[in-house]
Amino acid sequence: QLCDDTRRQLERVHTGVHAHRRFIRGGSSNDVRIQPDTLIKDALELIELEILNQRISLKKSIQADLPAVECDMVLIQQVLINLLMNSIRATSKQKSRRVVSIECATYQEDMIAFTISDNGPGMKQDLFDQLMMSLPVNKPDGMGLGLIICKHIIDHHAGYIRYIPSENGTSLQFSLPA
């Protein structure tokens, strides 16, 4: 079982690297119709150990009967992973319970919104705007996929990414056409 899980994860990483190369080089994406809950489930599987190791309380809220989205599954999963890992890192110094949540619901009739929130120290709108214009940062424990790359991936899919003001922590949302 462990070998099969490890092999599956290595295959996903390999596929992800090739998808990123193709995207960065301006190649076509491998768009498929996929259910949003499958995107979320697969992304969470890839970071499951990090969630457990960091003792994150993960909250999921996925609207029932969401329509499928057409996207490059690997690229969108990488956006999800990047935003989730940013939230996990943001809560790392929390002395209290570390909470990361992911919500998925329809938005404006023809869009599906994915919202990732945490109870970390928070981020202001101006910092988000600055990060959206910066180059990706290579962190020792990160994947090197910065918010600007996430923005380009989401823009490529005719969606958007935005900051949602929050009293406690940070909430970021991206949307894809339904």
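Shape analysis of region 25-88 places it in the oblate category; the axes a ≥ b ≥ c from the Cα gyration tensor give an a/c of at least 1.5, with a/b not above b/c. Surface calculation, 1.4 Å probe, protein heavy atoms: Cys150 sits at approximately 0 Å² accessible.
The values are calculated or read from the model by the stated rules, or taken from the named source; none is laboratory data. Keep in mind that this is a model prediction, so the values were computed, not measured. Side chains included, ligands, DNA and RNA excluded: accessible areas come from the protein's heavy atoms. Shrake-Rupley method; radii C 1.70, N 1.55, O 1.52, S 1.80 Å.
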